[in-house]
1. Answer yes or no: is there a residue in the stretch 164-179 that is over 24 Å from residue 299 (Cβ atoms), assigned by TED's automatic domain parsing to the domain that holds residue 53, within 22 Å of the chain's Cα centre (by Cα) and not in a loop (DSSP other than H, G, I, E, B).
2. Suppose we filter 97, 129 for residues that are in a loop (DSSP other than H, G, I, E, B), surrounded by fewer than 20 Cβ atoms within 10 Å (Cβ to Cβ) and free of Cβ contacts under 8 Å to residues at least 60 places away in the same chain; which single one remains?
3. Please determine, by comparing only the residues of the stretch 47-61 that are at pLDDT 90 or above and in contact with a helix residue (DSSP H, G or I) (Cβ under 7 Å, 6 or more places away or on another chain), which one is nearest to residue 340 (Cα to Cα).
4. Please indicate, with yes or no, whether at least one residue in the stretch 341-350 is modelled with pLDDT under 95 and more than 30 Å from residue 190 (Cβ to Cβ).
5. Filtering the stretch 206-219 down to residues that are out of contact with any helix residue (DSSP H, G or I) (no Cβ under 6 Å at 6 or more places or on another chain) and not in a helix (DSSP H, G or I), which residue is farthest from residue 135 (Cα to Cα)?
6. Taking only the stretch 67-93 into account, find how many residues are assigned to a helix (DSSP H, G or I) and at pLDDT 85 or above.
């Protein structure tokens, strides 16, 4: 970007230009040189380091992503709406059919339910369709120099370079998130080094190009985290209105205890004959409730958020032919699926609120645009991409 342009530029571009002052540029260059030296000291070959750091430049987007947090609270119904939508379910069933042999072999080898594996694959990379937009050897130095955890991201960069040096992954294939997660099941480099496996036996642990390696590596993660074969992740339940007992993922009790409290399965089937479960109510007492097992905790360990574990569990059920939740989310402004989010951005662009790509991803620029549209429509300017503002912009 040329900050001396005479053309009008956006506030974001101005902010970038303000950041990349001569002093800031010199500071960035010095920081990158230090990281490059650390990578060499770690024993990475000079030819790999030279190729990795070639043409590295300040990446405003990577640094911004590392510094910013959503300006609205991501409600559970928003999270579930875009992670478990009809397209992801349909695509997942197709991919399970295509890769049924691999999924069954991985399930047999590691004891991980194949529907859980497919759901994790779907959430993490849309079944291998999304690889990430950041080149890790450039993004990681950027967030190390511009973020709050330089030692962490430098260490992940070194691990990524060790993966390349081992011959498992080509340098040019190292695309992923700004934070360093990559491959079809989004392992951090350090996690890859510990847990990735060569399931297709071609001599390389390749979670980017090899579906068998990616699925088996995820299964290895879940197994090492304590997955119990044959145990459901959990299930939706009905809770009596009078219930005032314990709730929370860590507060597990025997299934008989929950039965005594009058808790029953929402689909009308019988409760399990045994086992230890906890009651979670992610939207409070008015929304869906679930009894979750130790396996739910294992899913939580993959990405430390109960909403994430619930999304994996629910998507796995939908791929297995089970239905949607029986209890509706307690909102009059439902969340948007991926197609609806993209449509929202298209409308924001068409009506002059937003300058950017309509990709369905809700970042700071989209949030700012939504706030402006909400304010004009007389709505509370939360920046949240809900059904109400979509209908307003669509003229409905």
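1. yes
2. 129
3. Result: 59.
4. no
5. 210
6. Summing the residues that are assigned to a helix (DSSP H, G or I) and at pLDDT 85 or above in the stretch 67-93 gives 16.
For (1) in the same structural domain as residue 307 (by TED's automatic domain parsing); (2) in a helix (DSSP H, G or I); (3) surrounded by fewer than 24 Cβ atoms within 10 Å (Cβ to Cβ); (4) on the phi > 0 side of the Ramachandran plot, each residue gets a yes or a no:
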site: 137; (1), (2), (3), (4): no, yes, yes, no
site: 140; (1), (2), (3), (4): no, yes, no, no
site: 143; (1), (2), (3), (4): no, yes, no, no
site: 148; (1), (2), (3), (4): no, no, yes, no
site: 152; (1), (2), (3), (4): no, yes, yes, no
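The rows are residues; the columns are (1) under 17 Å from the mean Cα position of the chain (by Cα); (2) farther than 23 Å from residue 247 by Cβ.
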{"site": "296", "(1), (2)": "yes, no"}
{"site": "307", "(1), (2)": "yes, no"}
{"site": "313", "(1), (2)": "yes, no"}
{"site": "322", "(1), (2)": "no, yes"}
{"site": "325", "(1), (2)": "no, no"}
{"site": "329", "(1), (2)": "no, no"}
{"site": "334", "(1), (2)": "no, yes"}
{"site": "339", "(1), (2)": "no, yes"}
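The values are calculated or read from the model by the stated rules, or taken from the named source; none is laboratory data. None of these values were measured; they are calculated from a predicted model. Ideal geometry is used to build each Cβ from the backbone, glycine not excepted, and the neighbour counts take in all protein chains shown.
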